[in-house]
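Read through the structure below, which is laid out as structure tokens, and then see the notes.
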Amino acid sequence: MNSHSLPLPQGYQYFWFEETDSTNQEALRQSAKGQKPDSWFCADLQTNGRGTKGSRWVSQAGNLYASLLTSSKCPPEHLAQISIIAALSAITAIEQMASEQYHIGDLCLKWPNDILLKGRKVCGILIESRQSRQSSLFDIVIGTGINLASNPQIGGLVDAGNLRAEDWSCTRDQLFVALVQSTRDWLSIWRDGDGFETVRLAWLERSCHIGQLITIKVGDEQYEGRMTTISANGALVLEGGSGNEMVFSSGTIIKIEGSASHS
């Protein structure tokens with residue numbers, strides 16, 4: 001559990017583990033036991049880290065693995081917006097810790113919440129939610145994995161990278177405190193959905209692929225179009241070859257103009 005003290009914003013607490021199966025799983029377990037929201041769960045090492053759609057998140061020592069247990073009274077249709085908020089929170093924290101050699105544009109967002117640094121994935125996010133025991137609320141877990149010191153060698157649409165390789169010199173503790181603060185700030189702006197337009201525009205400013213040709217897989221079907229925006233609920237909006245608009249609330253991007261898929 002906690003081994004050191006960190007200057008977190010008022011109202012937040014954190015629990016640090018040398019090893020756990022998954023910080024998201026730990027947050028869900030503690031939620032079931034009655035742990036209060038605004039609690040962070042972090043680990044030096046995850047033995048069963050998870051990514052989206054059941055994929056494995058390789059969790060090497062020295063990186064940041066952190067999950068926030070929080071709650072929201074937002075309408076169910078706004079829950080998908082959390083992915084966009086989490087991405088902004090993580091990229092904001094990474095930007096704040098950047099070296100003097102950092103250039104705007106080196107970091108960008110791949111829909112919905114992957115963070116790319118010079119084309120390499122340095123951060124992945126997993127959101128999980130469920131109805132709270134208080135029926136008017138949702139319990140939400142925001143899991144963030146940031147490759148600070150190293151990265152796995154894995155195939156995929158984009159290669160993995162890490163911050164140290166691009167001159168980030170911050171400690172893991174400093175990056176974590178920045179993440180807590182930026183997550184608090186973006187959740188405050190969001191206001192359970194009322195402020196999502198501000199969030200949406202900020203996400204678009206950091207998007208990697210506006211105007212690029214994208215192929216997305218949804219179930220067994222594939223669709224191709226140029227990315228134009230994200231919707232009022234954070235869905236991907238593509239323009240098809242005949243000018244038709246296609247909106248995807250979920251799916252896997254398998255090809256991007258100029259990028260070869262390795263999946």
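Tabulated data
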| quantity | calculated |
| --- | --- |
| Lone qualifier among 107, 175 - being aliphatic (A, V, I, L, M), closer than 21 Å to residue 40 by Cα and in contact with a helix residue (DSSP H, G or I) (Cβ under 9 Å, 6 or more places away or on another chain) | 175 |
| Number of the condition not met by residue 151 [criteria: (1) in contact with a strand residue (DSSP E or B) (Cβ under 7 Å, 6 or more places away or on another chain); (2) at pLDDT 95 or above] | (2) |
| Test: residue in the stretch 166-186 that is in a helix (DSSP H, G or I), more than 16 Å from the chain's Cα centre (by Cα) and modelled with pLDDT under 95 | yes |
| Among the candidates 210, 154, residue that is over 20 Å from residue 229 (Cα atoms) and among the β-branched types (Val, Ile, Thr) | 154 |
| Residue in the stretch 230-249 that is more than 15 Å from residue 87 (Cβ to Cβ) and surrounded by 18 or more Cβ atoms within 10 Å (Cβ to Cβ) present | yes |
| Count of the stretch 189-203 residues which are under 13 Å from residue 229 (Cβ atoms) and over 15 Å from the mean Cα position of the chain (by Cα) | 2 |
| Among residues of the stretch 202-244, those that are of a type in the set (Ser, Thr, Tyr) and in contact (Cβ under 8 Å) with a residue 40 or more places away in the chain, counted | 2 |
| Options 143, 161: the member that is surrounded by fewer than 23 Cβ atoms within 10 Å (Cβ to Cβ) and outside the structural domain of residue 228 (by TED's automatic domain parsing) | 161 |
| Test: residue in the stretch 215-225 that is within 18 Å of the chain's Cα centre (by Cα), of a type outside the set (Phe, Trp, Tyr) and surrounded by fewer than 15 Cβ atoms within 10 Å (Cβ to Cβ) | no |
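The values are calculated or read from the model by the stated rules, or taken from the named source; none is laboratory data. Remember, it's a predicted structure, so these values are computed and weren't measured experimentally. Heads up, the Cβs are rebuilt from the backbone with ideal geometry, glycines too, and the neighbour counts pull from every protein chain shown.
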